[in-house]
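> Just dropping this structure here.
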Amino acid sequence: MELNHYHYKRVKEIIPGDILLHPIYRGDGLLLINRYKALNVDLISKIRQHVSPSFFVLVVESQSNLEEFLSSREYEDIEYYKKLLLIVNQYNEISTIPMKMDSFIGEDMQVVAGQIIKKVIDDNDKNYFEKVLFQVPSFNAFEKNIESEMARSRAASIKNKLTLLIRQSKDLQSQFLRIKMYKDIFFIHSVNTASMSLMIGLCLELSEDELVDLAIAALFADIGYTKISKETFNEYLINKESNRDVLLEHNKLLLELAMKTEKLREEAILHGIIDRHENYDGSGFPCGKKGKEISLFGRIIHISQAYDELVGGYSGTILTPRNAIKKLWLDAGNQLDADILKLFIYRTIFYKVGQTSILEDGRQIKIIGFKDFINDPISPITHVE
């Protein structure tokens with residue numbers, strides 16, 4: 001009997017060189033690392049800060065094993081499907097949003113009668129971007145993190161309008177593919193930011209047209225970086241303050257791309273993208289705007305990007321979702337709009353009774369209460385499970 005090329009390991013057992021066969025998600029349901037990514041020490045450390053060491057993952061141990069896994073279609077093995085289903089179920093025990101098998105197999109695969117099979121891909125498929133977006137749990141079900149039933153009911157309509165808009169625009173499709181092909185973390189950050197921004201926009205009760213424009217601004221906020229070398233972009237991530245010239249170059253390239261994409265030229269969208277690095281106290285960049293001088297979209301996207309960068313660890317520092325919100329709360333009024341941030345914390349379920357979280361040491365905790373949720377929503381009473 002031929003041995004499988006894949007391995008079913010616990011997170012504490014993975015080593016540098018292992019290649020993931022499925023994405024890794026954070027406890028907040030946002031994408032952390034995409035499938036087919038070769039792990040290194042930094043990525044393994046990042047995984048262990050977001051999921052329990054006892055969690056299972058499916059990996060191959062080399063690029064040649066990955067090629068053999070794909071060419072021999074081992075993903076069609078019923079035992080592989082069963083193991084992946086167990087992984088999906090373990091995520092559903094800690095995630096704030098529902099996780100489905102589709103989010104673990106990729107847009108090029110599908111499940112038929114309990115078996116994972118390869119889809120026939122049409123290179124001219126106009127709905128490719130839509131399949132990619134809905135494969136990411138944070139976009140597919142971000143409304144699950146909102147307390148208001150009315151806001152949740154609006155989310156489906158917003159997502160349909162957004163995908164219809166992109167489907168009807170070759171220019172937006174082209175820019176979306178540019179993001180997808182540029183860099184893994186870049187695509188992950190863009191989709192996570194759009195999902196978080198829509199969540200905040202729904203909490204603010206923006207109109208449907210405003211929400212669609214907000215999503216476009218958030219999704220394409222970093223599009224200018226795709227025309228900058230990956231080496232330069234990596235240096236910028238490590239030290240943004242000493243590489244502000246990269247941000248200026250991004251804004252210049254953004255305007256060039258906007259000239260080719262009519263939707264990105266709209267005032268609210270363009271200001272939202274450019275203003276996202278402005279700080280509420282006026283210490284930001286590039287114009288030093290302060291307070292309400294900063295566009296609403298810019299203030300929302302700033303919060304979304306700041307949260308995702310802290311939890312995703314794109315610049316080095318990695319925090320749990322719980323600690324990231326705590327850090328943002330402590331910075332409210334300085335870099336961030338305190339009113340928007342408070343509304344976001346009050347009207348989402350990230351800091352609510354019953355929610356679970358993973359501590360830095362791998363232990364899982366559950367929120368069982370608060371001493372003063374209104375004035376101090378970031379200091380819950382917790383129980384180690």
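The values are calculated or read from the model by the stated rules, or taken from the named source; none is laboratory data. Computed from a predicted structure; not experimentally measured. For neighbour counting, all protein chains shown are included, and Cβ atoms are generated from backbone atoms with ideal geometry for every residue, glycine included.
> For the stretch 204-221, which residues satisfy the criterion of being on the phi < 0 side of the Ramachandran plot and either surrounded by fewer than 21 Cβ atoms within 10 Å (Cβ to Cβ) or touching a Pro at 6+ places or on another chain (Cβ under 7 Å) (or both)?
Answer for the stretch 204-221, where residues must be on the phi < 0 side of the Ramachandran plot and either surrounded by fewer than 21 Cβ atoms within 10 Å (Cβ to Cβ) or touching a Pro at 6+ places or on another chain (Cβ under 7 Å) (or both): 204, 206, 207, 208, 209, 210.
> Also: Failed condition for residue 307, given (1) buried (at least 17 other Cβ atoms within 10 Å of the Cβ); (2) of a type outside the set (Val, Ile, Thr); (3) on the phi > 0 side of the Ramachandran plot, with all others met?
Every listed condition holds for residue 307 apart from (3).
> Next question, about the same structure. Given the stretch 322-385, what strands (runs of 3 or more DSSP E) lie entirely inside it while holding 3 or more residues that are outside the structural domain of residue 47 (by TED's automatic domain parsing) and not small (Gly, Ala, Ser)?
364-370, 380-384
> Within the stretch 15-72, how many residues are modelled with pLDDT under 90 and basic (Lys, Arg)?
Counting residues in the stretch 15-72 that are modelled with pLDDT under 90 and basic (Lys, Arg) gives 3.
> Can you find a residue in the stretch 311-329 that is of a type in the set (A, V, I, L, M), more than 26 Å from residue 384 (Cα to Cα) and surrounded by fewer than 21 Cβ atoms within 10 Å (Cβ to Cβ)?
Checked against the condition, which is being of a type in the set (A, V, I, L, M), more than 26 Å from residue 384 (Cα to Cα) and surrounded by fewer than 21 Cβ atoms within 10 Å (Cβ to Cβ), the stretch 311-329 yields no hits at all.
> Looking only at the stretch 328-336, decide whether some residue is in contact with a His (Cβ under 9 Å, 6 or more places away or on another chain), modelled with pLDDT of 85 or more and under 25 Å from residue 281 (Cα atoms).
yes
> Still on this model: If I filter the stretch 49-65 down to residues being part of a helix (DSSP H, G or I) and free of Cβ contacts under 8 Å to residues at least 60 places away in the same chain, which single residue comes out as surrounded by the most Cβ atoms within 10 Å (Cβ to Cβ)?
In this case the residue turns out to be 63.
> Same structure, new question: Of all the residues that make up the stretch 92-109, how many are modelled with pLDDT of 90 or more and either surrounded by 19 or more Cβ atoms within 10 Å (Cβ to Cβ) or not assigned by TED's automatic domain parsing to the domain that holds residue 4 (or both)?
1
> While we're here: Which members of the stretch 17-38 meet the condition of being of a type in the set (A, V, I, L, M), surrounded by fewer than 23 Cβ atoms within 10 Å (Cβ to Cβ) and farther than 15 Å from residue 318 by Cβ?
Residues satisfying the conditions are 19, 20, 38.
> Quick one: in the stretch 126-161, which of the residues that are of a type in the set (S, T, N, Q) and within 15 Å of the chain's Cα centre (by Cα) is surrounded by the most Cβ atoms within 10 Å (Cβ to Cβ)?
If we take residues in the stretch 126-161 being of a type in the set (S, T, N, Q) and within 15 Å of the chain's Cα centre (by Cα), then 138 is surrounded by the most Cβ atoms within 10 Å (Cβ to Cβ).
> Right, another one. Quick one: would you say residue 42 is within 25 Å of residue 323 (Cα to Cα), crowded, with 18+ Cβ neighbours inside 10 Å, assigned by TED's automatic domain parsing to the domain that holds residue 103 and within 19 Å of the chain's Cα centre (by Cα)?
The answer is no for residue 42.
> May I pose another question? Determine if the stretch 280-301 includes at least one residue that is touching a residue at least 12 places away in the same chain (Cβ under 8 Å), under 20 Å from the mean Cα position of the chain (by Cα), buried (at least 20 other Cβ atoms within 10 Å of the Cβ) and farther than 28 Å from residue 258 by Cβ.
Looking for residues that are touching a residue at least 12 places away in the same chain (Cβ under 8 Å), under 20 Å from the mean Cα position of the chain (by Cα), buried (at least 20 other Cβ atoms within 10 Å of the Cβ) and farther than 28 Å from residue 258 by Cβ, one finds none in the stretch 280-301, hence no.
> Only residues that are in a loop (DSSP other than H, G, I, E, B), within 18 Å of residue 276 (Cα to Cα) and over 20 Å from the mean Cα position of the chain (by Cα): list them for the stretch 219-265, please.
239, 240, listed by residue number.
> Got a sec? Which of 200, 216, 188 is touching a strand residue (DSSP E or B) at 6+ places or on another chain (Cβ under 6 Å), in a helix (DSSP H, G or I) and of a type outside the set (Asp, Glu)?
188
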